[in-house]
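These notes concern the structure reproduced below.
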Amino acid sequence: MKKVRLGFIGVGNMGTGHINNIFAGKCPEIEVAAVADLNPARLKWVQDTVAKKQAENPDFPSVACFSDAEEMLNSGLIDAVEIAVPHYDHPKYAILAFKAGIHVMCEKPAGVYTAQVRDMIAEVDRHPDLVFGMMFNQRTNHLYRKMREIIQSGELGAIRRTSWIITNWYRSQCYYDSGAWRATWSGEGGGVLLNQCPHNLDLWQWICGMPSLIDVRMQFGKWHDIEVEDDVTAYVEYPNGATGTFITTTGDFPGTNRFEVVCDGGTLICDGGSLIFHKLEMPESEFTKVNKVPFGAPKFTRVPVETDGKNEQHVGVLNAFAAAILRGEPLVADGREGINGLTISNAMHLSAWTGKPVTLPFDEALFKSLLMDHVKTSRRKENIDSVLADTEGTYNS
């Protein structure tokens, strides 16, 4: 197999972007073989686009169009599928794909609640030959990769504190008004944490590890006429005693993106597209034992951080996905890791709804129950029954 025959479930903003990248030749080991979408206009866009390409190049491959995703999965036309539909449906279609023997690349988040994602993971684990990837394209960013490399190397010692202020997700009311599903419990399953921040939550745990306790102050519709969260301040604790904060909103402009990790041997600061490394000459835990000067402090050096400069984003994730299928090469992010960031966001919501700190692992059944209570009163009425029906049993039943 020289190319992966890729199908798309969903030809919205994300699906369209991926298809255009592949059509432009940026993913040489991938061929768009089929698409599925409920909207005839999106299928027509694919057909018209392919027709233009074929007019320029008669050898340009055709793309099969389906109005039913399951029909596409069982058509025999595809080897892999990209799932780019609303959040609640990610696990459902992934499970159908695995059962059909199809490799899966899933958009973020992995799902809306961890119980459904566990079903998805359980199904792929029944098919060890299948490749399962998550579209965590920010893991390709050279700054975040370098932060992880430095932390994982152990040269800075144990983490003491993490802090991410990620408030440059500004959205106006017009954005939320552009789709009835946006910022609703039955449509998206959450607000800034489920839509804008899955990448940040994934990077936070990928670089720093999972917290053990989460305590949150969360406000719903504070800055917009929406029913879900648009302002979040979280405090976390880690198993080693380190602490952290995560602050996000869609109401600030111009906002901030500053990620700071304080370790025993120095501090990493990712801010404004640059990575700053303050390395202590002596770890603080050692300095404090030998220092005899009342206002003394460890000396440090501002170390230039060299990176490879690569930031391949979505194209890099898809190319790695193809390489994993064709040659067994590493993914950018294994799909099973999608549950980690979702666990953090679910715990944040649970802390907000109960008014209490939440320890991990948390009560997943309680979270799902409270989420469904919110779904029942959601503004998006037409989606309520289908969401509630999916929670009656597991996706694998």
Cα shape, segment 72-113, gyration tensor, a/c 1.5 rule: prolate
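Given the peptides 370-381, 328-339, arrange them by the average over their residues of other C-beta atoms within 10 Å, most packed first.
With the highest mean Cβ count within 10 Å placed first, the list reads 328-339, 370-381.
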Cα centroid of segment 215-255 to Cα centroid of segment 323-397, whole Å: 18
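How high is the relative contact order of the chain, in percent, counting Cα pairs under 8 Å that sit 6 or more residues apart?
It comes to 20 percent, rounded to a whole number.
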Mean separation of Cα contacts under 8 Å (6+ apart) over length of segment 201-266, as relative contact order %: 23
Solvent exposure ordering (accessible area, 1.4 Å, most first) of W164, W223, W181, W353: W223, W181, W353, W164
Dipole of segment 138-281, positive end: most advanced residue of G272, Y238, T256 [Cβ charges, Cα centre]: G272
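Tell me the net charge near H224. Cut-off is 13 Å between Cβ atoms, H224 excluded, with +1 for each Lys or Arg and -1 for each Asp or Glu.
Counting the neighbours of H224, the net charge comes to -3.
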Interchain or long-range residues, amide H under 5 Å from S378's placed H: none
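Could you order the peptides 25-32, 237-244, 112-119 from most to least packed, using the average number of other C-beta atoms within 10 Å per residue?
Working: 25-32: 17.6, 237-244: 15.8, 112-119: 23.1.
Ranked from most to least packed, the peptides come out as 112-119, 25-32, 237-244.
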Size of charge dipole - the chain - debye, nearest 20, with Cβ of Lys, Arg +1 and Asp, Glu -1, no other charges: 780
Fraction of antiparallel bridges per DSSP, the chain only, in percent to nearest 5: 60
Contour excess over end-to-end distance, with Cα ends at F287 and A122 and 0.36 nm allotted per residue: 54.6 nm
Ratio of the Cα radius of gyration of segment 139-264 to 2.2 N^0.38 Å, where N counts its residues: 1.14
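The values are calculated or read from the model by the stated rules, or taken from the named source; none is laboratory data. Values in this document were obtained by computation on a predicted structure and should not be read as measured data. Cβ atoms come from the backbone with ideal geometry, glycine included; neighbour counts cover every protein chain shown. Heavy atoms of the whole protein, side chains included, go into the accessibility calculation; ligands, DNA and RNA do not. Shrake-Rupley method; radii C 1.70, N 1.55, O 1.52, S 1.80 Å.
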